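Contents: one structure, followed by commentary.
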Amino acid sequence: MSDPFDTEIAIIGGGIHGAGIAQAAAAAGYRVSLFERDRWAAGTSQRSSKLIHGGLRYLETGQLPLVYHSLQERKFLLRNAPDLVKAVPFYIPVYRDSSRRPWRIFAGLSLYCLLSGGSKLGRFRRLSRRSWSDLPGLKTEGLQAVFQYWDGQTDDRLLTEAVVRTAQSLGAEPLSGWELVSAKRLDDGYQMELRNQAGEQRQARCRCLINAAGPWINDCAHRIEGAPQLGIDLVRGSHIVLAPKLSTGILYLESPLDQRPLFVMPWGEHSLVGTTEQLHTTSADQVSASDEEIAYLLQAVEHYFPNTETTLLDAWAGLRVLPKADGSANKRPRDTILLCDDDRDPNVIAVYGGKLTAYRHTAERCIQLASRKLGGREAIADTRKQPLSKA
């Protein structure tokens, strides 16, 4: 067993949130280590819908702070990561049998624009009938209106890797291939036992431990003495990849089966379609799109593109972490929950849930909590302005 080393902040989990927290901690001047048992973005952070967006549909459930902060983060990412995050046109077709009338879409987009600060990217329009031809193959029977607005798209895995690299450039120590075995409470922090894929072990000591293990968060919490836990549901979101490319923009549609929102997106030369929301009751290590979910997504494509022959190329799924509750997952709040063992002097912080777009804002909140224990440091960078690149 190798000699222990000391760090101020240790983070478990190398997805987008763990990477973002490592970046924020290093930028704030702390010594920080990031541990991931597999490779960066090996879990949900490479299986999202690839969107950098405010979350238009969350306006319906009154989650205005979430939408506002996400739109702010969208602005930062478009500026700081121009080769990773692109502004893309989104289209909302409204049909005779759509659950939302054109006036409601107009009102929602108006509020979305207002929350974005009235920026150019917040602008939207209602397409003329002549412009409907810009959406070739899309069903026009019963079509009453089409709205176009803007949001962002990214490669979630590449974005996560870029955040890890930036964190390292600011002084963070990222260590992939190391799994937390246990964390024993000390008078002023934790002593961790870690194991790599070859079975080798090492120790590490930290003053503040942050559990950002995503769908494995409660599995990880069981290994941390005194760690707080929240009852959660794991909700599976499945996607399919189809040939050909069905649209040059992103289509925001309703499932013909249950009116759930779905996206049909360009993805390279193909189309990415998602997502579903199914309760996942087996291990977080065993996640794949079910036959029923694939059929559900294919039926939506066949409904909206009745004259287009498609070929299924791939299917995959990721897991969302939502607070345990009754009722539809689609209606539950999507705010990130930060749980501490002691709000005034936190030794361990757990990150429940979270959105890809808002990872930096979540990271800032984590470091604000950690600073209650560790005190302030002289910042060396501002993550709101920190460039991110593919390499």
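Could you tell me whether the range 382-389 includes any residue that is surrounded by 12 or more Cβ atoms within 10 Å (Cβ to Cβ) and modelled with pLDDT under 95?
Yes; the residues of the range 382-389 include at least one that is surrounded by 12 or more Cβ atoms within 10 Å (Cβ to Cβ) and modelled with pLDDT under 95.
What single numbered condition from (1) assigned to a strand (DSSP E or B); (2) loosely packed, with under 14 Cβ neighbours inside 10 Å; (3) polar (S, T, N, Q) fails to hold for Gln148?
Going through (1) assigned to a strand (DSSP E or B); (2) loosely packed, with under 14 Cβ neighbours inside 10 Å; (3) polar (S, T, N, Q) one by one, Gln148 breaks only (2).
Going through the range 59-74 one residue at a time, which ones are within 29 Å of Trp132 (Cα to Cα) and surrounded by fewer than 19 Cβ atoms within 10 Å (Cβ to Cβ)?
Matches in the range 59-74: Leu59, Glu60.
Just give me the residues in the range 24-76 being polar (S, T, N, Q), in contact with an Asp or Glu (Cβ under 7 Å, 6 or more places away or on another chain), at pLDDT 95 or above and assigned to a helix (DSSP H, G or I), in sequence order.
Hits for the range 24-76: nothing passes.
Show the residue pairs meeting these rules: Cβ distance below 6 Å; 6+ apart or different chains; first residue within the range 134-159 and farther than 20 Å from Val301 by Cα; second residue among the β-branched types (Val, Ile, Thr).
Pairs that qualify, where the first residue is farther than 20 Å from Val301 by Cα and the partner is among the β-branched types (Val, Ile, Thr), are Gly152/Ile52; Gly152/Val85; Gln153/Val88; Thr154/Ile52; Thr154/Val85.
Among the residues of the range 232-248, write down those that are surrounded by fewer than 18 Cβ atoms within 10 Å (Cβ to Cβ) and more than 20 Å from the chain's Cα centre (by Cα).
Ala243, Pro244, Lys245, Thr248 - these are the residues of the range 232-248 that are surrounded by fewer than 18 Cβ atoms within 10 Å (Cβ to Cβ) and more than 20 Å from the chain's Cα centre (by Cα).
Residues checked against (1) assigned by TED's automatic domain parsing to the domain that holds Ala28; (2) more than 22 Å from the chain's Cα centre (by Cα); (3) in a helix (DSSP H, G or I):
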| residue | (1), (2), (3) |
| --- | --- |
| Pro346 | yes, yes, no |
| Val351 | yes, no, no |
| His361 | yes, no, yes |
| Arg365 | yes, no, yes |
| Ala391 | no, no, no |
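Kindly list, by first and then second residue, each pair from a residue in the range 109-130 that is without any contact (Cβ under 8 Å) to a residue 60 or more places away in the chain to a residue that is in a helix (DSSP H, G or I) and polar (S, T, N, Q), limited to pairs with Cβ atoms under 9 Å and residues at least 6 apart or on different chains.
Short answer, once both residue conditions are applied: Gly117/Gln72; Phe124/Ser110.
Could you list, in sequence order, the residues of the range 19-39 that are surrounded by fewer than 24 Cβ atoms within 10 Å (Cβ to Cβ) and either closer than 11 Å to Val164 by Cβ or outside the structural domain of Glu200 (by TED's automatic domain parsing) (or both)?
Matches in the range 19-39: Arg39 only.
Taking the condition of being under 16 Å from Pro323 (Cα atoms) and either over 23 Å from the mean Cα position of the chain (by Cα) or at pLDDT below 95 (or both), how many residues in the range 208-231 meet it?
Summing the residues that are under 16 Å from Pro323 (Cα atoms) and either over 23 Å from the mean Cα position of the chain (by Cα) or at pLDDT below 95 (or both) in the range 208-231 gives 4.
Which of the residues that make up the range 79-112 are in a helix (DSSP H, G or I) and surrounded by fewer than 19 Cβ atoms within 10 Å (Cβ to Cβ)? So that I can check it myself, show each step before the final result.
To start, the set of residues in the range 79-112 that are in a helix (DSSP H, G or I) comprises 79-80, 102-112.
Result: Arg79, Pro102, Trp103, Arg104, Phe106, Ala107, Ser110, Leu111.
Scan the range 171-198 and report the pairs whose first residue is within 18 Å of Gly18 (Cα to Cα) and whose second residue is of a type in the set (Val, Ile, Thr) and surrounded by fewer than 16 Cβ atoms within 10 Å (Cβ to Cβ), with Cβ atoms within less than 9 Å and a gap of 6+ or a chain change.
Between residues of the range 171-198 that are within 18 Å of Gly18 (Cα to Cα) and residues that are of a type in the set (Val, Ile, Thr) and surrounded by fewer than 16 Cβ atoms within 10 Å (Cβ to Cβ), the close pairs are Gly171/Ile380; Met192/Val181; Leu194/Val181.
If I ask for residues that are farther than 27 Å from Gln144 by Cα and not in a strand (DSSP E or B), which ones from the range 229-258 would you list?
If the condition is that a residue be farther than 27 Å from Gln144 by Cα and not in a strand (DSSP E or B), then Gln229, Leu230, Gly231 are the ones that fit.
Looking only at residues in the range 250-260 that are buried (at least 17 other Cβ atoms within 10 Å of the Cβ) and not hydrophobic (A, V, I, L, M, F, W, C), which one is farthest from the chain's Cα centre (by Cα)?
Filtering the range 250-260 for residues buried (at least 17 other Cβ atoms within 10 Å of the Cβ) gives 250-254, 260.
Checking which are not hydrophobic (A, V, I, L, M, F, W, C) leaves us with 252, 254, 260.
Details: Tyr252: 18, Glu254: 21, Arg260: 19 Å.
If we take residues in the range 250-260 being buried (at least 17 other Cβ atoms within 10 Å of the Cβ) and not hydrophobic (A, V, I, L, M, F, W, C), then Glu254 is farthest from the chain's Cα centre (by Cα).
Given Ala325, Ala379, which one is touching a residue at least 24 places away in the same chain (Cβ under 8 Å), closer than 30 Å to Ser290 by Cα, in a loop (DSSP other than H, G, I, E, B) and among the small types (Gly, Ala, Ser)? Can you show your working first?
Details: Ala379 fails: closer than 30 Å to Ser290 by Cα.
None of the others qualify; the one that does is Ala325.
Hey, Gln197 hits all of (1) under 22 Å from the mean Cα position of the chain (by Cα); (2) of a type in the set (S, T, N, Q); (3) more than 30 Å from Leu272 (Cα to Cα) but one; which does it fall short on?
Evaluating Gln197 over (1) under 22 Å from the mean Cα position of the chain (by Cα); (2) of a type in the set (S, T, N, Q); (3) more than 30 Å from Leu272 (Cα to Cα) leaves (1) as the failure.
The values are calculated or read from the model by the stated rules, or taken from the named source; none is laboratory data. What you see is a predicted model, and the numbers here were worked out from it, not measured in a lab. Positions of Cβ are backbone-derived with ideal geometry, glycine not excepted, and every protein chain shown enters the neighbour counts.
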